[in-house]
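Written below as structure tokens is the structure these notes are about.
The values are calculated or read from the model by the stated rules, or taken from the named source; none is laboratory data. Bear in mind the structure is a predicted one, so any value in this text is a computation, not a measurement. Here the Cβ is made from the backbone with ideal geometry for all residues, glycine too, and neighbour counts use every protein chain on show. Surface accessibility is based on the protein's heavy atoms, side chains included, excluding ligands, DNA and RNA. Shrake-Rupley method; radii C 1.70, N 1.55, O 1.52, S 1.80 Å.
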Amino acid sequence: MIDPKILTIDGPSGVGKGTLAKNLADELGWTVLDSGSLYRMVGYLSLKHNTKDFFKIRKKINLEEIYFEFNDQNSNISLFLEEEDLSNFIRNEEVAKLASEFAVLPEVRDYLFKIQRGFRHKGKGLIADGRDMGTVVFPEAKYKFFLTASSEERARRRENQLKESGLSVNMRNLQERIMERDNKDSSREISPLVPAEDAIVIDSSNLGIYELKSKVIEIIRS
Ligand code: C5P
């Protein structure tokens with residue numbers, strides 16, 4: 001059954017999914033699920049506990065104690081695990097690379113699938129962003145968007161995000177790592193990064209956040 005209270009935004013890194021999700025949530029008063037940060041959490045715990053064994057990592061995750069919080073000051077969405085704000089540890093390319101390595105494993109995807117489904121019907125509605133939100137996790141969503149943008153623009157946006165978090169960036173290196181991660185995400189066997197058949201594809205290369213948000217609002221209200 002189609003669910004009019006779920007909106008999904010999928011696409012590769014740096015297309016503006018997270019910014020769009022936050023802005024739409026503000027406008028609609030809906031909740032946001034930043035699914036990438038759950039995969040990043042697994043990558044971060046792998047680094048922290050120096051293990052690639054997901055079953056060991058899973059034991060470090062207390063399901064009752066995962067939550068997202070909206071920070072009014074910088075408009076960021078923070079992921080908390082047992083009251084520890086992970087945001088500053090997960091927003092770097094080292095953790096992102098590990099996240100995409102774990103993201104190919106069926107046991108990881110199954111485990112996170114259940115956590116993600118738990119976000120349905122929390123609050124007025126849900127905006128879920130990631131790689132497989134419209135295809136696998138919330139196929140019943142009424143509104144599905146798939147964002148694209150040129151690789152230069154995506155690297156530039158990611159560079160700004162990292163700089164805002166106080167991290168230093170080598171642009172060429174960053175562009176290569178992003179492309180490597182996108183290729184891995186698009187070519188994996190389970191839940192590859194592809195638009196859902198019923199998704200509306202938007203090229204965001206030349207759109208500012210205000211234009212992008214207006215476009216999406218116009219589509220969902222029409
Ligand atoms: O969106 P973000 O860059 O934070 O995601 C980090 C990585 O997590 C992605 O490159 C991808 O490998 C994985 N991921 C995924 N499915 C999602 C969200 C993220 O496989 N729904």
Practice prompt. Filter the stretch 82-136 down to residues that are among the small types (Gly, Ala, Ser) and within 12 Å of the ligand (Cβ to nearest atom) and give me whichever is modelled with the lowest pLDDT.
Written response: Ser87
Practice prompt. Identify, by number, the condition in (1) more than 10 Å from the ligand (Cβ to nearest atom); (2) open to solvent by 40 Å² or more (accessible area, probe 1.4 Å); (3) assigned to a helix (DSSP H, G or I); (4) not aromatic (Phe, Trp, Tyr) that Lys184 doesn't meet.
Written response: (1)
Worksheet, complete the sentence: Picking from Ile178, Ile219, Ile190, the residue that is β-branched (Val, Ile, Thr) and in contact with a strand residue (DSSP E or B) (Cβ under 9 Å, 6 or more places away or on another chain) would be Ile219
Item to complete: Can you tell me which residue within the stretch 23-34, out of those that are open to solvent by less than 20 Å² (accessible area, probe 1.4 Å) and either part of a helix (DSSP H, G or I) or touching a His at 6+ places or on another chain (Cβ under 8 Å) (or both), is farthest from Ile209 (Cα to Cα)?
Response: Ala25
Worksheet, complete the sentence: Residue hits (the stretch 187-200; assigned to a loop (DSSP other than H, G, I, E, B) and open to solvent by 80 Å² or more (accessible area, probe 1.4 Å)) are Glu189, Glu197, Asp198
Discussion item. Can you find, within the stretch 166-181, the residue that is modelled with the highest pLDDT among those that are surrounded by 11 or more Cβ atoms within 10 Å (Cβ to Cβ), farther than 19 Å from Gly130 by Cα and of a type outside the set (S, T, N, Q)?
Written reply: Glu176
Item to complete: Go through Phe70, Phe55 for me and flag whichever is more than 10 Å from the ligand (Cβ to nearest atom) and more than 19 Å from the chain's Cα centre (by Cα).
Response: Phe55
Discussion item. Looking at (1) in contact with a Leu (Cβ under 9 Å, 6 or more places away or on another chain); (2) surrounded by fewer than 17 Cβ atoms within 10 Å (Cβ to Cβ), which one does Ile57 not meet, given that it meets all the others?
Written reply: (2)
Worksheet item: Just one of Ser46, Ser78, Ser37, Ser100 is in a strand (DSSP E or B), buried (at least 16 other Cβ atoms within 10 Å of the Cβ) and hydroxyl-bearing (Ser, Thr, Tyr); which is it?
Response: Ser78
Practice prompt. For the stretch 134-165, name all the residues that are of a type in the set (D, E, K, R), open to solvent by 30 Å² or more (accessible area, probe 1.4 Å) and part of a strand (DSSP E or B).
Written response: Lys142
Practice prompt. Take the stretch 131-175 and flag every residue that is closer than 24 Å to Ile219 by Cα, of a type in the set (Gly, Ala, Ser) and over 18 Å from the mean Cα position of the chain (by Cα).
Written response: Ser150
Worksheet item: Going by the structure shown, is Lys5 in a strand (DSSP E or B) and either open to solvent by 20 Å² or more (accessible area, probe 1.4 Å) or touching a Leu at 6+ places or on another chain (Cβ under 8 Å) (or both)?
Response: yes
